[in-house]
Amino acid sequence: MKIKAKVKKDITKVKMLIKHPMETGRRKDEGGNVIPALYITQVSASYRGQRVFHAEVGQAVSKDPYIAFSFKGGLPGEKITITWLDISGATATGEAAIK
Amino acid sequence: MQMKRRYFLASLCKAAACIVAATSFPRLAFSGWNERAFQAETLDGAFKNKYPGLDIVDSQAIKLKAPAIAENGSVVPVTVKTDLPDVKSISLFVEKNPSPLAATFNLGPLNVADVSIRIRMGETSNLVAVVESGGKLHRVQQEVKVTIGGCGG
């Protein structure tokens, strides 16, 4: 997961690029077999233990999702933590320091 | 017999602790996924499942940024911004996708209502952004022409 967070005029803009196949469950492989659905359903971000973002996503989100959001406050050097959950129950967490 | 009972109680506690550890963190981070809204197959159905009982009004106060023509429907960049007060959520719908609801951003008092995401569009369709603010739904829409669809394979 790639995360970039930058504060400007007291607003922190967070951009993330998550590596995930985002299989819709509607695609077929070369043999004509349906590739089972495997997509992220929730993405959440926290700053100093407080939640600053939550997204519910579906099959219509592109492979290797890119999401950006902003929040007030946020200090350079402090960490932003991002966690995702997919339909298989798999989850991953990444963090980055605010610039 | 007493030992057995003690052992049983200890293992029961351990099991309970494991369950708490396994479930408490995701619960903290993940507050839910509206499965019914994501599985709705029509735009109206998705609206109703996502925002039951709320009326939708067209609004000029939302800025929806998306390409007029998307050469590749599998990666369509979308940005939604608004100056409306107390934004609780922003949802994106693609009218002609098999499941119209693409994403919902749940915002809190710290958030600035400015979100971006890349989505898939199966064919040329209206893209609808809905902002939940002050107990009302505000909508803006735009047609995106898709040259190559992003849902097949």
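List the aspartates and glutamates whose alpha-carbon lies under 15 Å from that of residue A:15, not counting same-chain residues fewer than 8 positions away?
Within the straight-line limit of under 15 Å, residue A:15 reaches these aspartates and glutamates: A:64, A:95, B:114.
Taking the dipole about the Cα centre of the range A:1-79, with the C-beta of Lys and Arg at +1 and of Asp and Glu at -1, give me whichever of A:42, A:14, A:54 is farthest to the positive side.
A:14
Report Rg (one decimal) and Dmax (nearest whole number) for chain A, counting Cα atoms only, units Å.
When restricted to the Cα atoms of chain A, Rg and Dmax are 15.5, 54 Å.
Which of the residue pairs A:9/B:88; A:9/B:96; B:81/B:145 have a Cα-Cα distance greater than 32 Å in the structure shown? Could the numbers behind the result be given before it?
Values: A:9/B:88 23 Å; A:9/B:96 39 Å; B:81/B:145 22 Å.
Flagged as over cut-off: A:9/B:96.
State the percent of C-alpha pairs, over all pairs in the protein assembly as shown, separated by a distance greater than 33 angstrom.
Working: 7476 of 31626 pairs.
In whole percent, the share of Cα-Cα pairs in the protein assembly as shown beyond 33 Å is 24.
Kindly compute the accessible surface that chains A and B hide from a 1.4 Å probe when together, both sides summed, and give it to the nearest 100 Å².
Numbers: alone 6490 and 10300 Å², together 13750 Å².
Summing both sides, the interface buries roughly 3000 Å².
What is the average number of partner chain Cβ atoms found within 10 Å of a Cβ in A:6-12?
Numbers: counts 0, 0, 0, 0, 1, 3, 2.
Per residue, the average neighbour count from other chains is 1.
Based on the alpha carbon coordinates of the range B:88-147, what radius of gyration and maximum Cα-Cα distance (Dmax) apply, in Å?
Rg, Dmax (Cα atoms, Å): 12.3, 39.
Taking only protein heavy atoms and a 1.4 Å probe, what accessible area per residue, in Å², does the range A:1-84 have with all protein chains in place? Numbers along the way, then the final one.
Numbers: 4170 Å² over 84 residues.
Result: 50 Å² of accessible area for each residue.
Taking 0.36 nm per intervening residue step and subtracting the Cα-Cα distance, what contour gain separates residue A:88 from residue A:29 on full extension? Working shown, then result.
Numbers: separation 59, 0.36 × 59 = 21.24 nm, distance 1.99 nm.
This chain segment gains 19.3 nm when fully extended.
Given H placed on each backbone N at 1.01 Å, which residues far from residue B:102 in sequence or on other chains put an amide H within less than 5 Å of it?
Sorted by chain and number, the residues that satisfy this are B:92, B:93, B:94.
Assuming R0 = 35 Å, can you tell me the calculated FRET efficiency for the pair residue A:48 and residue B:57, based on Cβ-Cβ distance, to the nearest 0.05?
The calculated FRET efficiency here is 0.40.
Probe radius 1.4 Å, ligands and nucleic acids ignored: give me the carbon and sulfur share of the accessible area of the protein assembly as shown as a rounded percent.
Working: 7520 of 13750 Å².
Answer for the protein assembly as shown: carbon and sulfur cover 55 percent of the accessible area.
Note down the magnitude of the dipole of the range B:35-148 about its Cα centre, charges +1 on Lys and Arg C-beta and -1 on Asp and Glu C-beta and zero elsewhere, to the nearest 20 debye. Intermediate results must be reported in sequence, preceding the final value.
On the way: 13 positive and 13 negative charges, 31 e Å.
The calculation lands at about 140 debye.
If you count the DSSP beta bridges with both ends in the protein assembly as shown, what percent of them are antiparallel, to the nearest 5? Working shown, then result.
Values: 76 of 82 bridges.
Roughly 95 percent of the beta bridges in the protein assembly as shown run antiparallel, per DSSP.
Averaged per residue, what accessible area in Å² does the range B:35-148 show with a 1.4 Å probe, protein chains only? Write down the numbers at each step before the final one.
Values: 5410 Å² over 114 residues.
Per residue, the range B:35-148 has 47 Å² of solvent-accessible surface.
Restricting to chain A, what percent of DSSP beta bridges are antiparallel, rounded to 5? Display every interim value, and only then the final one.
Values: 36 of 36 bridges.
Antiparallel: roughly 100 percent of the beta bridges in chain A.
The values are calculated or read from the model by the stated rules, or taken from the named source; none is laboratory data. This is a predicted model, so every value here is computed, not measured. Here Cβ is always computed from backbone atoms with ideal geometry, including for glycine, and neighbour counts include all displayed protein chains. The protein model used for the area step is the full one, side chains on, heavy atoms only, and it has no ligands, DNA or RNA in it. Shrake-Rupley method; radii C 1.70, N 1.55, O 1.52, S 1.80 Å.
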